[in-house]
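Asks: Right, I'll just put the structure down here and ask away after.
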Amino acid sequence: MKSLRHIVIFFLCSFLSYSQNTSISGVIVDANGPVEFANVILFSEDQSDVIKGTSTDLNGYFILNNLEHHTYTLKVSFIGYQEYKQKIVLTGALDLKTITLLEDVEALDEITINAKKPTLERQADRLVFNVENTALVEGNMLEVLRSTPGVLVLGDEITVKNSNPTVYINNRKVHLSADDLNQLLEGSSANAVKSIEVITNPSARYDAESGVVLNIVMSKNLITGYRGSVSANYTQAVFPRYKVETSHFFKNEAISFNVNYSYSKNKINRDGDDTVNYLDDSNAVEESWRSITNRNTWSETHGLNANFDYFINDNNTLSLSTNSLYLPYFKYRISNQTEITDDNGAFLSRFTADNLSRDDKYNLGFDLDFKHDFTKGQLTFNTHFTTYNYERYQGVVSDFFDQNNDFQSTSAFNTNANQDTQILAAKVDYTLPLSEHSNFETGIKFSNITTDSDITQFDVDTNTGNETIDIQNSDAFDYNEHIYAAYVNYTLRKEKYNLNAGLRLEQTDLEGVSPLSDIMNTQDYTELFPNLSFQYNISDSYSIGVNYKRSIARPGYADLNPFRFFLNENYVVVGNPNLVPTFVDYYHIGSTLFDGLITIGAYYQNFDGAISEIPRQNNDTNIIEYTSVNFDKTIEYGFDFELYHSFTDNWSTYFVTSFYNREEETNFGNGFVNQSQWSNYSNLTNSLSLLKDNSLNVYFDVIWLGKNLQAFQTLENRLVSDLMISKTVFNKQGTISLSFRDLFNMQDWDVATQYQNQFNTQFVDEDNRYVKLGFRYKFGNTRLETNQRTKATEERDRLNKAGN
């Protein structure tokens, strides 16, 4: 491994050998002289990507340094003038001399940014959902993901084609658990989101664990100026929820800074109706335990997202960013009433269980980046640090009643659980343009996760209140994981075809130790992860492509933790220290027809050792355990049909339907269990911009989830629905938004498990039906996508934004 790292470092250094001045400069003038604060934006040749941007100085001068030898499109804009556009083939230092802007006689006294409808862009390895300046950005990041085609957000789980994606923000991995990730996304404003990239075939640059990547791309401040916003929203579900937030963006020639702070106060309800049929030796029902459960969660959350860029010079940039959460108040209450009947439905007994938990936790993540641009190539260094800590106190009291419904006894126990986790990662990436159409990438990475956790359970004497340690259900767990990685990746984009091929090597070394239960888990393995994407453009209207990706899903340290965490005396969550990683092979072939109107495809996924959390009932002890296990076989294959069409400039529709089959097989010690199920996933989205000035925007989204199989559990049909409406006011500086969720009340879960000696059902009524009212007010340079200057002298120094 050391030799590999030395070779890669040497390989990187061999590219960093020369530099020359490749730039574009000039002077912008009008009929009266130099134009100050004009926007100068350099695009790729097809104008699909912004390369660099600047504004002119007092003398109308501008310069764009450190460019590559490519063909570009240069645009110069200023309010009251016609846009200047020029195609440039850059081979060295280019001085455009003087560019004269012509007055636009049809220019209005004031120009505002009009809201737009979301757009979709299909690429060989990803789907890009552009949401900038749409109604969707008036919500939070989680709501934008929920509205992204192909992404399913249900409860705390985010999935893409039955896989849990890795979430990145501006290509920086977010190191959070599922619960904390949802809290971060729900607490983060979407106002600065530019697009969502659903990357179904990530390149070798991404971690091998990233089988599917959701990359949240934030808008950039290209032009000097300041802008900000304040917002608040009120949500009425079963209980009310509140949120306030503020965002600020600033850029000058030396720095760029943005910060978003949010505070939310929530009370969330969840009802459940579960039945466990405990079986005799012949697998006939002996007793049925039906539990009616009400769960309430109270929380107060502070969220902070910030990014600071320092432009050392034209070639070097230093950046510091953070995604942080602090929950000073988190309370979780479960009220359970369980009724026990025999196989004929006759009443036998019942019990109640009240569970009250209080948490105090924080999750602070920091990234430090350094970027150096060569004349040909770019080198980036990134270091990441996350510190995560939670402390939980839980108290459980149960009352038992006999066959005559007379009180029989009371039992109680308390639990103290603590966890302290540190994540440290560092990586180096180098990108080298080999030609106008091709790029080579290589890099190395190191990451380390350490976590120390403990749990202590106390039996409580309900008469005296005295506590006695329950040694059997108390433990500690120390976990240490190291991952070393190196990769190479090659990209070629031509008019007729696109190619992306890469190879990533990862070496994993981990150790988990439970000193009290004398359990040790060590794993040490090295694996290769190839990826390939190829797209052939038969014509301007037709293309065909193939994808292959090998990835890994490592068990989380919480899954490996052998703790037994009791929610009541008959319901327990158990870790599994014997879990091993899952290896996934993904194949896809697809074709785009009629100039992108229709996309068809077929895919096949093989999960070697798929990790799934399942309920396992013990028919002897009448305890049901939720634990994660490796399946011996999991295969999924399906066929997709997509349609994206803009009927008018103000109305677009996206529709996708996927028919797929999932097969699962494993041996629980009583012989193999094999189940399979065909299912359908369909999504219909409509986006409209109304009124003459497009100031009223409507977004309507429905998702059909047919009966499907997940971890030997059959989930019945569901319909997910969202309606979002936004209207700009106060000369488009304010936005009123109104959202409705689960319009048809068909989003709840109905789950059944039945195989061998397992027979239980579950109905979950989540607090996901609500109406939300919000208001956002923007200030600073809010109105223009380009800097503004009017003929009045006092307005000359008014700066506005280019992008976000």
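Asks: If I go through the stretch 391-408 residue by residue, how many of them are outside any loop (DSSP other than H, G, I, E, B) and either touching a His at 6+ places or on another chain (Cβ under 7 Å) or not aliphatic (A, V, I, L, M) (or both)?
Replies: Number satisfying all stated conditions: 11.
Asks: All but one of (1) among the charged types (D, E, K, R); (2) touching a strand residue (DSSP E or B) at 6+ places or on another chain (Cβ under 6 Å); (3) surrounded by 15 or more Cβ atoms within 10 Å (Cβ to Cβ) hold for residue 333; state the number of the condition that does not hold.
Replies: With respect to (1) among the charged types (D, E, K, R); (2) touching a strand residue (DSSP E or B) at 6+ places or on another chain (Cβ under 6 Å); (3) surrounded by 15 or more Cβ atoms within 10 Å (Cβ to Cβ), residue 333 is out only on (3).
Asks: Which one of 508, 468 is within 25 Å of the chain's Cα centre (by Cα), at pLDDT 90 or above, over 30 Å from residue 275 (Cβ atoms) and of a type in the set (S, T, N, Q)?
Replies: From the options 508, 468, the qualifying one is 508.
Asks: Restricting to the stretch 482-525, and then to whatever is under 30 Å from residue 544 (Cβ atoms) and of a type in the set (D, E, K, R), can you tell me which residue is surrounded by the fewest Cβ atoms within 10 Å (Cβ to Cβ)?
Replies: So the residue we want is 495.
Asks: Tell me, yes or no, whether the stretch 344-364 has at least one residue that is surrounded by fewer than 17 Cβ atoms within 10 Å (Cβ to Cβ), among the aromatic types (Phe, Trp, Tyr), at pLDDT below 95 and in a strand (DSSP E or B).
Replies: yes
Asks: Ok, one more. Pick from the stretch 702-736 the residues that are in contact (Cβ under 8 Å) with a residue 60 or more places away in the chain and among the hydroxyl-bearing types (Ser, Thr, Tyr): which of them is nearest to residue 136 (Cα to Cα)?
Replies: Across the stretch 702-736, the extreme among qualifying residues is 726.
Asks: Quick one: which residue in 442, 450 is open to solvent by 30 Å² or more (accessible area, probe 1.4 Å), assigned to a strand (DSSP E or B) and not basic (Lys, Arg)?
Replies: It is 450.
Asks: Here is a follow-up. Do the conditions hold for residue 267, that is, is it among the basic types (Lys, Arg), within 23 Å of the chain's Cα centre (by Cα) and surrounded by 15 or more Cβ atoms within 10 Å (Cβ to Cβ)?
Replies: No, not satisfied.
Asks: Now a separate question. Scan the strands (runs of 3 or more DSSP E) fully inside the stretch 102-187 and keep the ones with 3 or more residues being open to solvent by 10 Å² or more (accessible area, probe 1.4 Å) and either at pLDDT below 75 or out of contact with any Leu (no Cβ under 8 Å at 6 or more places or on another chain) (or both).
Replies: Fully inside the stretch 102-187 and qualifying: 119-122.
Asks: Answer yes or no as to whether residue 213 is within 23 Å of the chain's Cα centre (by Cα), within 20 Å of residue 127 (Cβ to Cβ) and surrounded by 22 or more Cβ atoms within 10 Å (Cβ to Cβ).
Replies: yes
Asks: Oh, and also: For the stretch 538-553, what are the residues that are in contact with a strand residue (DSSP E or B) (Cβ under 8 Å, 6 or more places away or on another chain), open to solvent by 30 Å² or more (accessible area, probe 1.4 Å) and either in a strand (DSSP E or B) or not aliphatic (A, V, I, L, M) (or both)?
Replies: Answer for the stretch 538-553, where residues must be in contact with a strand residue (DSSP E or B) (Cβ under 8 Å, 6 or more places away or on another chain), open to solvent by 30 Å² or more (accessible area, probe 1.4 Å) and either in a strand (DSSP E or B) or not aliphatic (A, V, I, L, M) (or both): 541, 542, 544, 546, 548, 550, 553.
Asks: So which strands (runs of 3 or more DSSP E) are wholly in the stretch 599-699 and hold at least 3 residues that are open to solvent by 30 Å² or more (accessible area, probe 1.4 Å) and at positive phi?
Replies: none
The values are calculated or read from the model by the stated rules, or taken from the named source; none is laboratory data. As the structure is a prediction and not an experimental result, all values here were calculated from the model. With ideal geometry, Cβ positions are generated from the backbone for all residues, glycine too; neighbour counts draw on all protein chains shown. Note: areas computed on protein heavy atoms with side chains; ligands, DNA, RNA excluded. Shrake-Rupley method; radii C 1.70, N 1.55, O 1.52, S 1.80 Å.
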